[in-house]
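Notes to accompany the following structure.
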Amino acid sequence: MAVYTETKTYHTRAHMGMIDVSEDFRTAVRHACQQTGIRSGIITGFTTGGVAGLTTLEFEPGMVHHDLKAAMDVFSPYTDETGRVIHYRHHDTWHDDNGSSHIKAALLSPFITIPFVEGEITLGPWQNLTLVECDTRDRVRDIVFQVMGE
C-alpha cells in the first residue's frame, strides 16, 4: 500500500470562519495518484492546532456566515447577552479568552477521512470539505493531507 503526504497552509478568520477545502483534497488525491500510481483508497486531512476543525457541510452563505456558528454558540458561547466574554476555567490556566473555542473544536474534529475511487473523492453533490476556525483570533493553519491506497 502506497502512502503520500502533502501539507497546505491557510489563513483563517476568527469565530467560526470557514474555508472550502474540497478542491485541495481533490488536488492531493490527484498528486498522490500521479506520483505513486494508486487509484483507490482513502485521504485523511488533519488540521494542526487545538482550536480548528474539519467537517463536511453545504458551503452556502446561510450555513457559512450564520447557521453553524449560531448552533455552536448554543453549546459554547463566547460572549453573554451584554457582550462580555464568558469565563471558562481554561482561561485560568492560560490567561486567554478562547475556552469556548476549544469546546467548539472538540465538537468538530481535527481530521476527516474520505474514500476515493479511480482517483476521485466520493463526495455527494452538496457536500463540501470545510476548514473551520474556532479560535477568537485569525490564525494560520496547516492541513496535512495523507493519501493511502493501491
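Criterion applied to Val140, Val74 was being surrounded by fewer than 17 Cβ atoms within 10 Å (Cβ to Cβ), in a helix (DSSP H, G or I) and at pLDDT 95 or above, and the one residue passing it is Val74. Regarding Leu123, is this residue at pLDDT 95 or above, among the aliphatic types (A, V, I, L, M) and either within 17 Å of Met18 (Cα to Cα) or open to solvent by less than 20 Å² (accessible area, probe 1.4 Å) (or both)? Taking the combined requirement at face value, the residue does not satisfy it. Of all residues in the range 93-120, those satisfying the criterion of being open to solvent by 20 Å² or more (accessible area, probe 1.4 Å) and in a strand (DSSP E or B) are Phe111, Ile112, Thr113, Pro115, Val117, Glu120. Cβ separations smaller than 9 Å between residues 6+ apart or across chains give the following pairs from the range 51-79 residues that are among the aromatic types (Phe, Trp, Tyr) to residues that are assigned to a helix (DSSP H, G or I) and open to solvent by 60 Å² or more (accessible area, probe 1.4 Å): Phe75/Ile103; Phe75/Leu107.
A quick yes/no check of all residues on (1) touching a strand residue (DSSP E or B) at 6+ places or on another chain (Cβ under 6 Å); (2) not β-branched (Val, Ile, Thr):
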| residue | (1), (2) |
| --- | --- |
| Val3 | yes, no |
| Glu23 | no, yes |
| Arg30 | no, yes |
| Ser40 | yes, yes |
| Thr44 | yes, no |
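Taken together, the residues in the range 1-43 that are crowded, with 17+ Cβ neighbours inside 10 Å, over 18 Å from Asp135 (Cα atoms) and not small (Gly, Ala, Ser) amount to 10.
Whenever a residue of the range 89-107 is without any contact (Cβ under 8 Å) to a residue 60 or more places away in the chain, its partners that are in a helix (DSSP H, G or I) and of a type in the set (A, V, I, L, M), lying with C-beta atoms within less than 7 angstrom and at least six residues away or across chains, give the pairs Leu107/Met72. Criterion applied to Thr27, Thr82, Thr5 was being among the hydroxyl-bearing types (Ser, Thr, Tyr) and part of a helix (DSSP H, G or I), and the one residue passing it is Thr27. Within the range 33-50, being in contact (Cβ under 8 Å) with a residue 24 or more places away in the chain and either farther than 21 Å from Asp138 by Cβ or assigned to a helix (DSSP H, G or I) (or both) holds for Cys33, Gln35, Thr36, Gly37, Ile38, Arg39, Ser40, Gly41, Ile42, Ile43, Thr44.
The values are calculated or read from the model by the stated rules, or taken from the named source; none is laboratory data. All of these numbers come straight from a predicted model, not from anything done at the bench. Cβ: placed from backbone, ideal geometry, glycine included. Neighbour counts: every protein chain shown. To get the accessible areas, we keep the full protein, side chains included, count just its heavy atoms, and leave off ligands, DNA and RNA. Shrake-Rupley method; radii C 1.70, N 1.55, O 1.52, S 1.80 Å.
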